[in-house]
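Down below is the structure, laid out as structure tokens.
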Amino acid sequence: MKKIVVIGAGASGLVTSIKASNKNNKVTLLEKNNICGKKILITGNGKCNYFNEDFNINHYHSNNIDILSNIITKENKKLILDFWNNLGIIPKIKNNYYYPASNLAATIQNTLILEAKNHNIDIKTNTEVLDIDYINNKFIITTNNETIECDKLVISSGSKAAPQTGSDGLGYKLLSKFNHTIIEPLPALVQLRSTGSFLKEWNGIRTDVKVKLYENNNLIKEEEGEIQLTDYGVSGICIFQLSGLVSRGLYNDKEERLTIDFLPYLNISSRKELVEYLNNRNNNLKDRTITELLEGMLNYKLINIILKQNKINNNKHWNTLSNKDKLNIVTYLKEFPLDILDTNSFNKCQVCTGGIPLSEININTMESLKQKDLYITGELLDVDGECGGYNLSFAWLSGLLAGINISGDNND
Ligand SMILES: Cc1cc2nc3c(=O)[nH]c(=O)nc-3n(C[C@H](O)[C@H](O)[C@H](O)COP(=O)(O)OP(=O)(O)OC[C@H]3O[C@@H](n4cnc5c(N)ncnc54)[C@H](O)[C@@H]3O)c2cc1C
């Protein structure tokens with residue numbers, strides 16, 4: 001019988017263990033927390049957005065996107081969904097986002113633990129892996145409790161994201177011992193930090209916007225959705241979707257700037273057109289102050305901020321403004337500039353961008369190309385997905401592919 005050890009009972013480690021165990025394999029799962037799947041519990045605000053109907057390569061980032069695209073396929077979508085259906089999870093699908101019908105992340109966690117127990121996996125909680133070696137074709141794993149030997153080793157210990165759930169980045173150190181390179185892991189799906197006197201004033205506002213991300217003055221991505229304006233900068237799903245690119249850009253000393261369109265519902269592209277629109281509005285509304293004119297279009301706090309930023313008195317009537325002032329106001333309404341100085345830290349991010357390059361593994365099995373019988377799954381790899389269930393989808397998929405390969409049963 002082969003001895004298999006999986007380090008980390010998170011999303012991908014639990015799935016790997018379940019799939020790898022069979023009559024020829026004895027699987028031991030090592031977890032430093034006192035429970036398995038701690039991070040799963042906080043996913044999707046406690047509801048666990050575990051998959052997305054639009055399982056598509058366009059929703060992923062990796063330095064080897066071409067390699068990743070080999071496994072983000074219709075067949076593997078079925079593989080993931082069959083896995084969950086067979087475990088009895090009934091999905092509730094909202095705007096393509098999958099949640100368990102119970103609306104509870106604990107359902108996903110409990111189901112995985114139950115299945116692991118049904119497969120007689122030896123789950124050792126409160127067991128922290130400290131080091132690994134490879135001697136005489138065996139992996140030697142040193143933990144806080146004991147030393148364990150195995151024939152095949154899976155490292156599923158997660159990234160540096162949300163270290164309070166257990167993932168503190170040890171996997172990168174362990175893998176560098178086997179000559180793996182590491183693309184610096186950086187926070188992604190995270191809030192962005194800026195500076196400015198107006199931050200205190202806009203703190204707490206939530207509004208629908210279009211956001212553009214500029215890197216060294218070149219437009220690199222656009223997003224649309226609800227933004228949360230905070231006293232340190234900006235948050236919200238549309239910001240999270242841009243945050244991995246911002247992290248990488250800042251790390252590479254690039255200038256990162258957002259522009260925020262506070263009037264996304266107005267289909268007006270040029271500043272001149274918007275001035276004309278406001279001139280007409282002012283005529284129709286019988287000559288108003290700027291604040292009165294913009295009331296009804298956006299949050300009054302934002303109106304005050306925009307006027308202050310442009311040093312314009314808010315009691316002034318729109319029709320008394322110079323053309324230059326009008327153009328400045330519409331610029332801030334449609335392209336409010338925000339220099340991004342930093343992201344929030346690993347404690348606040350949902351995932352990491354970066355990790356072990358996919359060029360160093362066999363993408364169909366997750367086996368290392370540097371070390372035979374060593375497997376890597378989940379977020380340790382250089383894959384990060386957008387919000388919407390894509391990160392858990394990759395965790396499940398990498399666990400399924402590794403587990404199926406280890407079990408030697410490719411038809412399972
Ligand atoms: C707040 C939050 C919300 C999220 N929401 C979603 C969502 O709704 N949908 C989605 O798709 N993704 C979501 N994610 C991302 C998703 O949870 C992760 O991508 C996924 O859990 C990664 O799985 P993993 O197996 O690679 O690592 P993890 O789930 O992090 O598991 C790693 C495990 O290894 C253990 N470990 C680490 N080091 C050691 C060691 N030395 N010895 C023993 N054990 C060790 C850890 O304790 C941990 O249990 C969210 C993340 C966060 C933080």
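The values are calculated or read from the model by the stated rules, or taken from the named source; none is laboratory data. Values in this document were obtained by computation on a predicted structure and should not be read as measured data. Glycine gets a Cβ as well: all are built from the backbone with ideal geometry, and neighbour counts include every protein chain shown.
Structure notes:
- Number of residues in region 264-278 that are in a loop (DSSP other than H, G, I, E, B), among the hydroxyl-bearing types (Ser, Thr, Tyr) and without any contact (Cβ under 8 Å) to a residue 12 or more places away in the chain: the value is 2.
- Number of the exception - Met366 against (1) at pLDDT below 95; (2) under 20 Å from Lys152 (Cα atoms): (1)
- Any pair with Cβ under 6 angstrom, 6 or more apart, that starts in region 307-321 at a residue that is in the same structural domain as Gly196 (by TED's automatic domain parsing) and on the phi < 0 side of the Ramachandran plot and ends at one that is part of a loop (DSSP other than H, G, I, E, B) and surrounded by 14 or more Cβ atoms within 10 Å (Cβ to Cβ): Leu307/Asn314
- Residue pairs whose Cβ atoms lie under 6 Å apart, separated by 6 or more positions or on different chains, with the first residue in region 279-300 and of a type in the set (A, V, I, L, M) and the second crowded, with 16+ Cβ neighbours inside 10 Å, are Ile290/Trp318; Leu293/Asn282; Leu293/Trp318; Leu294/Ile303; Leu298/Phe262.
- Taken over region 357-382, the residue count meeting the criterion of being within 16 Å of the ligand (Cβ to nearest atom), in contact with a strand residue (DSSP E or B) (Cβ under 7 Å, 6 or more places away or on another chain) and farther than 13 Å from Ile65 by Cα is 9.
- Identity of the residue in region 21-77, among the acidic types (Asp, Glu) and part of a helix (DSSP H, G or I), that ends up nearest to Ser157 (Cα to Cα): Asp66
- Listed conditions (1) crowded, with 21+ Cβ neighbours inside 10 Å; (2) more than 7 Å from the ligand (Cβ to nearest atom); (3) not in a helix (DSSP H, G or I) are all met by Val15, apart from (3).
- For region 72-125, the set of residues classified as surrounded by fewer than 20 Cβ atoms within 10 Å (Cβ to Cβ) and of a type in the set (Ser, Thr, Tyr) consists of Thr73, Tyr97, Ser102, Thr111, Thr125, listed by residue number.
- Any hit, region 19-33, residues being within 18 Å of Leu400 (Cβ to Cβ) and within 11 Å of the ligand (Cβ to nearest atom): yes
- There is at least one residue in region 60-71 that is free of Cβ contacts under 8 Å to residues at least 60 places away in the same chain, under 30 Å from Gly249 (Cβ atoms), of a type outside the set (S, T, N, Q) and more than 11 Å from the ligand (Cβ to nearest atom).
- All positions within region 82-104 that are among the aliphatic types (A, V, I, L, M) and closer than 21 Å to Ile237 by Cα: Ile93, Leu104
- Subset tally (residues that are surrounded by fewer than 20 Cβ atoms within 10 Å (Cβ to Cβ), among the β-branched types (Val, Ile, Thr) and part of a helix (DSSP H, G or I)) for region 219-263: 1
- Residue pairs whose Cβ atoms lie under 6 Å apart, separated by 6 or more positions or on different chains, with the first residue in region 375-396 and more than 14 Å from His61 (Cα to Cα) and of a type in the set (Ser, Thr, Tyr) and the second more than 6 Å from the ligand (Cβ to nearest atom) and not in a helix (DSSP H, G or I), are Tyr375/Val154; Tyr375/Met366; Tyr375/Glu367; Thr377/Met366.
- For region 184-196, the criterion of being of a type in the set (Asp, Glu), outside any loop (DSSP other than H, G, I, E, B) and more than 27 Å from the chain's Cα centre (by Cα) is met by no residue.
- Number of the condition not met by Gly385 [criteria: (1) buried (at least 21 other Cβ atoms within 10 Å of the Cβ); (2) more than 7 Å from the ligand (Cβ to nearest atom)]: (2)
- Which listed residue, of Ile356, Ile361, is in contact with a Leu (Cβ under 7 Å, 6 or more places away or on another chain) and within 15 Å of Ser157 (Cβ to Cβ): Ile356
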